[in-house]
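Encoded as structure tokens, the structure appears first; notes follow it.
The values are calculated or read from the model by the stated rules, or taken from the named source; none is laboratory data. Treat the numbers as computed from the prediction; the structure is a model and nothing was measured. Cβ atoms come from the backbone with ideal geometry, glycine included; neighbour counts cover every protein chain shown. The area values use the complete protein model at the heavy-atom level, side chains included, leaving out ligands, DNA and RNA. Shrake-Rupley method; radii C 1.70, N 1.55, O 1.52, S 1.80 Å.
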Amino acid sequence: MIIRVRHAAVVCALGAALTACGAPAATHAARPAPTATTAAPSEAPTLAPGPAGLTPVFRNGPRGYGRTVALTFDADMTADEGARAARGERFDNPRLIAALRALKVPATVFMTGRWAEEYPVQARSIDRDPLFEIANHSYSHYAFTGDCYGLPTVAPDRMRSEVERTYQAFRKAGVTDAMPYFRFPGGCYDREALKALTPTGVTAVQWDVVSGDAFATDADAVARQVLEGVRPGSVVVMHCTRSAAPATERAVRTIVPELRKKGYRFVKVSELIGATDAHRRPA
């Protein structure tokens, strides 16, 4: 696990296969983006703004909410990978989605706008399945800070439009119920990025368990890492890209029954965010 700290005002930033930090804040009613670019259901729970009105960051649900765990899958595709897809590289993973359906596992898919454009039929299928919810992972999968695992960088004045363009791509693909949640590419963010996204009304979603599935070929090692890291209320980061995470589907087939043996119940991120509010209300 690698943690890099830029300076005192910067939040922990970690790569797609690594962990990140950010404490849960109090929830409130969903905040539709002022630009009306989100397609989020009106009842979707979000978090209250952070200090100075910054975009709130959610890392995990309340530990006292029972044995719940949210599996999340990043459907990554950068803006410049179209040529690779045209040559046959697969950035989707239908076998993984099929496995989740067969195992009846709810999950949250953080999808880039470019992925939705490349695989609109799959995006619609995921969106219409009540097991799943789709959230925003930027349009281009470019970084929102400098020095983020070699990713190209989004200019500060383009950060908001990265989020808005993704919701537009979702609507064009036929996704009608995208959630008001955003995951930073690479998990990298700082105060400037949080400020830039405030007008969109999204809640930034990080994680507290790293699967290590990115570029991994040992499914057993991925499963062990998840099983050792999960605690009640955990959010697990995994990937839904065949070429970049080929062992994920096999790992999931081990992770799910093992966690169920331990009494865990699988939920979507939205349930954990909603539980944060309920958990903090006076009895």
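Full-extension gain between Arg171 and Arg231, please, as 0.36 nm times their residue separation minus the C-alpha to C-alpha distance.
Result for the pair: 18.1 nm of gain on full extension.
Net charge around Glu249, counting only other residues with Cβ within less than 11 Å of its Cβ (Lys, Arg = +1; Asp, Glu = -1)?
+3
Kindly state, to the nearest 0.05, the FRET efficiency for Lys261 paired with Asp220, given R0 = 22 Å and r defined as their beta-carbon distance.
Once rounded, the FRET efficiency stands at 0.85.
Sorted by mean Cβ packing within 10 Å, highest first, what order do the peptides 136-146, 45-55, 180-190 take?
180-190, 136-146, 45-55
For a paramagnetic label modelled at 7 Å from the Cα of Leu103 toward its Cβ, which residues of region 199-222 fall within the zone defined by backbone nitrogen distances under 18 Å?
Hits in region 199-222 for Leu103 at 18 Å: 208-222.
Between Leu131 and Ala155, what is the label-point separation in nm under the 7 Å Cα-to-beta-carbon projection?
Using points 7 Å along Cα→Cβ, the separation is 4.3 nm.
What residues have an amide H closer than 5 Å to that of Ala135, excluding those fewer than 5 places away on the same chain, when H is modeled at 1.01 Å from N in the peptide plane?
Placed amide hydrogens put Val109, Phe110, Met111, Met179 under 5 Å from Ala135.
Going by amide H atoms built from the backbone, whose H comes under 5 Å of the H on Asn93, apart from near neighbours?
Answer set, sorted by chain and number: Arg242.
List the lysines whose Cα lies under 23 Å from the Cα of Lys268, skipping any in the same chain that are fewer than 8 positions away.
Hits, sequence-local ones excluded: Lys104.
Arranged from highest to lowest average of other beta-carbon atoms within 10 Å per residue, in what order do the peptides 102-111, 67-76, 88-97 appear?
67-76, 102-111, 88-97
Sort Asp147, Asp129 by heavy-atom solvent-accessible area, probe 1.4 angstrom, most to least.
Asp147, Asp129
If amide hydrogens are placed 1.01 Å from N in the peptide plane, which non-local residues have theirs closer than 5 Å to the one on His239?
For His239, whose amide H was placed from the backbone, the distant partners under 5 Å are Asp74.
Once neighbouring chains are kept in place and the probe is 1.4 Å, which whole percent of the accessible area of region 198-249 is contributed by carbon and sulfur?
Carbon and sulfur together cover 50 percent of it.
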